[in-house]
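Some notes on the structure that comes next.
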2 protein chains.
Amino acid sequence: MIPRERILAAFRATFASFGFVPIETPHIERMEVLTGKGAGSDEVLRQIFEVTNKGGTPGELALRFDLTVPLARFVAKHIDELGTPFKRYAIGSVFRGERPAKGRFREFAQCDFDTIGTESVHADAETAQVIHAALTSAGIFDFAITLNDRRVLTGLLDSLGLGSRSGPVLRALDKLDKIGADGVREDLKKSADLGGAGLPADNAEQIVELAVRFRGGDEILDDAMKTLGTHSLVETGIANLRAVLELLVAAGLPLNRFRINLGLARGLDYYTGIVFETTVSGWEKFGSIASGGRYDNLASLFTPRRLPGVGASIGLDRLLALLDEAGKLKSTATTVPVLVANFPGIDRTIPVSLASRLRAAGIGAEVFPDPIPIGKQMGYGSKRGHTLAVIVGPDEQANQVFNLRNLMTRQEDKGLAWSVLEDSVASALEIQRLEGAGP
Amino acid sequence: MIPRERILAAFRATFASFGFVPIETPHIERMEVLTGKGAGSDEVLRQIFEVTNKGGTPGELALRFDLTVPLARFVAKHIDELGTPFKRYAIGSVFRGERPAKGRFREFAQCDFDTIGTESVHADAETAQVIHAALTSAGIFDFAITLNDRRVLTGLLDSLGLGSRSGPVLRALDKLDKIGADGVREDLKKSADLGGAGLPADNAEQIVELAVRFRGGDEILDDAMKTLGTHSLVETGIANLRAVLELLVAAGLPLNRFRINLGLARGLDYYTGIVFETTVSGWEKFGSIASGGRYDNLASLFTPRRLPGVGASIGLDRLLALLDEAGKLKSTATTVPVLVANFPGIDRTIPVSLASRLRAAGIGAEVFPDPIPIGKQMGYGSKRGHTLAVIVGPDEQANQVFNLRNLMTRQEDKGLAWSVLEDSVASALEIQRLEGAGP
């Protein structure tokens, strides 16, 4: 939880620095809001947790399964006061009654941010920029954000006369990394009643080629434009991807963190423009840890007003599971660097007063509550991971001095004057930090 | 939500600075954990929300109604790895199917912190100190923390031979501020089958006198010790209150924020030592916004090991409702001070690049996504509450300069060089802040 809180604080600060405002909606929603047309896939709807209390009506309330449907309800109701563009972030638990597995939980946290009421490429690019900034701020560097614009696929299918089969085609494409090109080709050719897309072999081949061939850096866009660019939707999609990359460069981001994949679909039918997914290098098996895209209309269920938008969701618990398995979660059991000992027999106000002075100087400090033998107190500090211990025994009390023990190196500075407490502790912490063993 | 997030961040930082570690448990618990003996009052148990999903067993799962029962379950399971003292904080939603009213919600956030595994007076005093520090860090200054030690009441009842009636006596005493001394006296005398304590008139009088007379500053403790101090529990309780006040002074806190009230019971039967409640001056009708106390045994339901502790809970949503009604929630609709305009016709990379530079310098900045007429963009900024707008039109683009408009005073500095962007914006924000109109 300590690294989790640190990551969440970094995410919140990142979202806020781009002007996203925090919006929190209840964990419980009306069932009809969650099950409305297009709110969630059949699979998600099957996993809904119903909520009832004594005197309540069964079937009326349920736990949210994502943060997007509650956002749609909220925005539909309040958009006139809010005005557009409206940028919000939300961090909270969502609930799905699915079988738990590695990186899959029945209750997990999502960190969502969305920009609503604009179709600007600035908002598209900013979404990728925020994913990048959030992960970087959390100390994660070895990741790749994959981009596509769904209009490229839509345009290609349209030009092949396959517009009506986009659903099964997109589902098949999303499995490319799992089942390989041959598997996708089979899925595309398989008849619809067997769960396939029912495509002729040559069409299946063209689509697989798109997905396999057009993956890589921005250089593939020229090639794609030449090969595919006769349909206006394809051209628009490729131009939009180009503009997004241009803005990401302007934002000072390293282009090698971004990849184009013209076969990327990101399942959900409602994405209509740019789509994103994010994997950590070497840990692709965990799936995407930050995904999203542009949608034409967020809240059609709740308002006749058309509300286009773009956003993404960072899967915090999946990310933490990944960092844990990668051994990148620093194990620590304390939030403060300093333990102030409670030496048996000394004036009990002394440790309280010294710790308060440290906190006032911005240095977190914990007072050991019980005046037990000092060795045990030091053992507690070492186990918890405190860096320093401030110790005042009877002699030190008489001389108004303290001893400063480094719990990592076991070195101890003795007889320091109380008047230099804050400075001594601050500089000892700084030395420890520079030596790389600090918190 | 913007001030709510600010207050939460202040609470988290405060809890952490005392060495409390964050622990988060799921919103959903097993029903048997929540309804176990002594887990909650009958009233709370009637308000439980049950949770079921397709294929799940009805009655198996429920939403937590507080953060204490989940803590008990967690600590009982993990105390051997954790070691004691164990200090944790938790911030999260809890759920009660009660009738919503002012300051009462069906879903509301609690901010809890507890120190487990010690009976030290240091932990008692620190609990009051943390309430004080958390509220102060959130910008709330006009509050009073009321203290009692339940042993004073227990000892008095014991010496009167009324130990077996402590439940109804404590419930009656807790109503003192609502129904007055006469009401409490009646409740104490009323027979048990009418919901009273069934006390003789002279005993009822003694108890009411205790509650009415012994309220005030630390000076009442001498008086109380003379009047009541013949029972060892009474003496222990008064001595503990004295020691707590002594430590609060050592921590540098103003004693006038703390009050003694020897009649304070804080209902819940499981408090056995110090108890706290906190009211905001002039807003007492909202009830206590931060309450807690010492308990002999946190997790008797889950482990034979005795785990004494002390802790408190800050009612965030009640506090926010109070601040809102008091007009003390600053209304703002943005998290950043700077809006970077998107002037029609200029190179679209320019606003992105300038905003990125500001963020890198620690200054939050939002790029307006659509190149609409500049007046509308400024209107958006004024409505949202941005302090400054950075504007680059075609002329400014040609000369690599920008205009800096103060959206509050409408003053505009023109033709500033891009190279001085960060410094110009930082100093304009500082001036605005000093003039008291800033964010």
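The values are calculated or read from the model by the stated rules, or taken from the named source; none is laboratory data. If you're wondering where the values come from, they're calculated on a predicted model, not measured in any experiment. A quick note on method: Cβ atoms are made from the backbone with ideal geometry, for glycine too, and the neighbour counts reach across all protein chains shown. The protein model used for the area step is the full one, side chains on, heavy atoms only, and it has no ligands, DNA or RNA in it. Shrake-Rupley method; radii C 1.70, N 1.55, O 1.52, S 1.80 Å.
Values computed for the structure shown
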quantity	calculated
Average beta carbon contacts from partner chains per residue of A:106-114, 10 Å cutoff	1
Accessible solvent surface per residue of the protein assembly as shown, calculated while the other protein chains remain in place, 1.4 angstrom probe, Å²	41
Unit charges on C-beta of K, R, D, E only; dipole of chain B, Debye	780
Table column - 3J(HN,Hα) (Hz), region A:410-419, Karplus curve with 6.51, -1.76, 1.60, x for Gly and Pro	6, 6, 9, 8, 10, x, 7, 6, 3, 5
Label 7 Å beyond Cα on the Cβ vector: residue A:219 copy-to-copy distances, nm	8.6
Crossing angle, helix B:349-360 versus chain B [Cα axis fit, 0-90 degrees, rounded to tens]	40
Residues losing 40 Å² or more accessible surface upon assembly, region A:334-354, compared with the chain by itself, 1.4 Å	A:335, A:348, A:349, A:352
Inter-label distance for residue B:78 and residue B:144, nm, one decimal - labels placed 7 Å from Cα along Cα-to-Cβ	3.9
About the Cα centre, charge dipole magnitude for region B:43-146 (Lys/Arg +1, Asp/Glu -1 at Cβ), debye	540
Accessible area of chain B belonging to carbon and sulfur atoms, whole % at 1.4 Å probe	50
Relative contact order %, chain A, counting alpha carbon pairs below 8 Å whose residues are six or more apart	14
Förster radius 30 Å - calculated FRET efficiency between residue B:177 and residue B:230 (Cβ-Cβ, nearest 0.05)	0.60
Among A:145, A:68, B:397 - extreme Cα towards positive end, dipole of the protein assembly as shown, charges at beta-carbon	A:68
Distance between region A:45-117 and region A:147-191 - C-alpha centres, whole angstrom	29
Residue with peak Gaussian network fluctuation, chain B [Cα springs, cutoff 10 Å], from B:154, B:52, B:115	B:52
Pseudo-label separations to other copies for residue B:330 - Cα-to-Cβ vector, 7 Å, nm	3.1
For the pair B and A, total buried accessible area rounded to nearest 100 Å², probe 1.4 Å	5700
Using alpha-carbon coordinates, inclination of helix B:176-189 to the longest axis of chain B, degrees	20
Highest-fluctuation residue, A:119, A:235, A:32 considered, GNM on chain A with Cα pairs under 10 Å	A:32
Dipole axis of the protein assembly as shown (+1 Lys, Arg; -1 Asp, Glu on Cβ), positive-most option in B:136, A:320, B:13	A:320
Extension gain (nm, one decimal) between residue B:326 and residue B:30, 0.36 nm per residue minus Cα-Cα	102.6 nm
Solvent-accessible area lost in complex, 20 Å² minimum, residues of region A:383-405 relative to chain alone, 1.4 Å	A:383, A:384
Helix-only mean residue ellipticity at 222 nm for chain B, each DSSP H run of n ≥ 4 adding -39500 (n - 2.57), per residue, nearest 500	-13000 deg cm²/dmol
Charge dipole (debye, nearest 20) of the protein assembly as shown; +1 at Cβ of Lys and Arg, -1 at Cβ of Asp and Glu	860
At least 30 Å² of accessible area lost relative to the chain alone, listed for region A:212-250 with a 1.4 Å probe	A:246, A:247, A:250
Contact order normalised by residue count of region B:159-275, Cα under 8 Å, 6+ apart, percent	28
Shape category assigned to region B:1-112 from the gyration tensor of Cα positions, a/c cut at 1.5	oblate
14 Å beta-carbon shell around residue A:254, net charge (K/R +1, D/E -1)	0
Angle between chain B longest axis and helix B:316-325 axis [Cα atoms, degrees, rounded to 10]	70
Label spacing, shortest first and in nm, from residue B:393 to its equivalents in the remaining copies (7 angstrom along Cα→Cβ)	7.6
Förster-model FRET efficiency, 51 Å R0, residue A:433 and residue A:41, C-beta, rounded to 0.05	0.60
Charge dipole of chain A about the Cα centre (unit charges at C-beta), most positive-ward option of A:159, A:260, A:292	A:292
Alpha-carbon centroid distance for the pair region A:227-245 / region A:280-321, whole angstrom	22
